[in-house]
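The values are calculated or read from the model by the stated rules, or taken from the named source; none is laboratory data. Here the structure is a predicted model, which is why all the values come from computation and not from measurement. Note that we place each Cβ from the backbone using ideal geometry, even for glycine, and neighbour counts take in every protein chain shown. In case anyone asks, the SASA skips ligands and DNA or RNA and just uses the protein heavy atoms, side chains included. Shrake-Rupley method; radii C 1.70, N 1.55, O 1.52, S 1.80 Å.
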Amino acid sequence: MPISLSIEPTTACNLGCPECPSGLKQFTRPTGKLNLDLHEKMLDQVKKSVFYINYYFQGEPFLHPQFLDLIRSAKQRKIYTATSTNAHFINSEKAKEIVASGLDRLIISIDGLTQETYENYRVHGKLDKVIEGTKHLVAAKQEAQSKTPHLIFQFLAVKPNEHEIPEVFRLGKEMGVDEVRIKTAQLYDYKHGNPLMPENETYARYKKNVDGTYSLKYKTGNHCWRMWSSSVLTWDGKVVPCCFDKDAQHVLGSLENATFKEIWDSSAYRGFRNAVLTSRNEIDICQNCSEGAKVWA
């Protein structure tokens with residue numbers, strides 16, 4: 001059984017990010033939110049092995065009206081909890097509720113330090129809401145004398161904002177967040193370049209070839225540790241192999257008609273793992289993935 005899971009609270013999102021199927025409303029699967037009873041069923045079936053749950057897959061978690069109930073249920077089972085947010089729905093009261101819920105880790109997406117650079121990727125977003133929400137969280141932690149949630153500023157490096165990368169570390173320290181991370185962007189259309197691709201290749205997942213085209217910087221082999229250590233559960237109880245299967249094209253089973261253990265041990269799951277071990281580069285969701293890869297200089 002896996003030691004970690006990603007559980008999707010909702011596929012709904014308030015933003016329209018250009019490399020996100022949720023933001024672009026391009027899912028073929030339905031939009032919805034996780035039912036609390038289904039969530040209890042999930043936890044009861046995995047609580048003996050899982051010690052880490054990332055309550056995020058697609059969508060904005062805080063659009064789920066009972067999102068913190070999900071966190072509290074996991075914490076009652078002594079499971080480490082994390083999530084990721086665009087921070088547009090965190091006021092002073094919500095920040096206090098987040099701290100009180102026991103949430104262990106919270107990634108805050110801050111992909112620009114001016115409104116112009118921020119909205120270049122976070123379409124329809126407001127940078128001042130991100131800053132305001134972060135301030136509320138830091139204040140709520142201080143008021144409760146709590147070390148959690150561990151607050152992370154995550155900066156998605158793209159061409160319009162890469163010049164701001166040094167400054168985001170200063171801002172994070174100034175505001176009192178616990179950590180700053182720079183994340184490389186997954187681009188769906190990259191072979192002939194992409195306007196979002198950073199000029200500094202350090203911040204890119206792709207490298208320029210001698211013929212002018214681009215390819216992944218990484219050499220992917222027939223292996224991936226995630227297939228044996230983690231899994232992803234969608235809001236409607238479907239099980240997919242990993243977070244790169246954003247539109248749930250590789251459903252390995254559903255909790256509607258099987259237990260998680262039955263799905264984990266099923267011929268469908270074993271067949272997918274075998275495909276990873278024998279011909280990973282032929283699997284569509286693996287072709288733009290850096291996980292399980294060896295990085296070559």
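Unpaired cysteine residues in the chain (no second Cys Cβ under 4.7 Å): CYS13, CYS224, CYS242, CYS243, CYS286, CYS289.
Quote the FRET efficiency, to the nearest 0.05, computed for SER266 versus ASN200 with a Förster distance R0 of 41 Å and r equal to the Cβ-Cβ distance.
For R0 = 41 Å, the calculated efficiency reads 0.40.
Determine, from the Cβ-Cβ distance of LYS208 and ARG170 and an R0 of 30 Å, the FRET efficiency 1/(1 + (r/R0)^6), rounded to the nearest 0.05. Rounded to the nearest 0.05, the efficiency is 0.45. Structure note, pairs LYS208/LYS246; LYS47/LYS238; LYS238/LYS261; LYS48/LYS147; LYS41/LYS96: Cα-Cα distances above 22 angstrom occur for LYS208/LYS246; LYS48/LYS147; LYS41/LYS96. Per residue, the chain exposes an accessible area of 47 Å² to a 1.4 Å probe, with every protein chain left in place. Each stretch of four or more DSSP H residues adds -39500 (n - 2.57); spread over every residue of the chain, this sum gives -9000 deg cm²/dmol at 222 nm. Computed over the chain, the convex hull of the alpha-carbon atoms projects to a mean area of 15.3 nm². Label positions at LEU36 and THR184, each projected 7 Å from the Cα along the C-beta direction, are separated by 4.2 nm.
Mind giving me the FRET efficiency for ILE131 and GLN26? R0 is 45 Å, r the Cβ-Cβ distance, nearest 0.05 is fine. Calculated transfer efficiency: 0.95. Only protein atoms count toward the accessible area here, which uses a 1.4 Å probe; on the chain, the carbon and sulfur part of that area reaches 50 percent. The alpha carbon centroids of the range 232-282 and the range 150-193 are separated by 31 Å. Summing Lys and Arg as +1 and Asp and Glu as -1 over all other residues whose Cβ lies under 15 Å from the Cβ of MET197 gives a net charge of +1.
The per residue volume of the convex hull around the alpha-carbon atoms of the range 6-146 is 105 Å³.
For a paramagnetic label modelled on HIS192 (point 7 Å from Cα along Cα→Cβ), amide N atoms under 19 Å away belong, within the range 209-225, to 209-216. Of the trypsin sites (Lys or Arg not before Pro) in the range 1-100, the ones in a loop by DSSP (not H, G, I, E or B) with at most 12 other beta carbons within 10 Å are LYS25, LYS48, LYS78.
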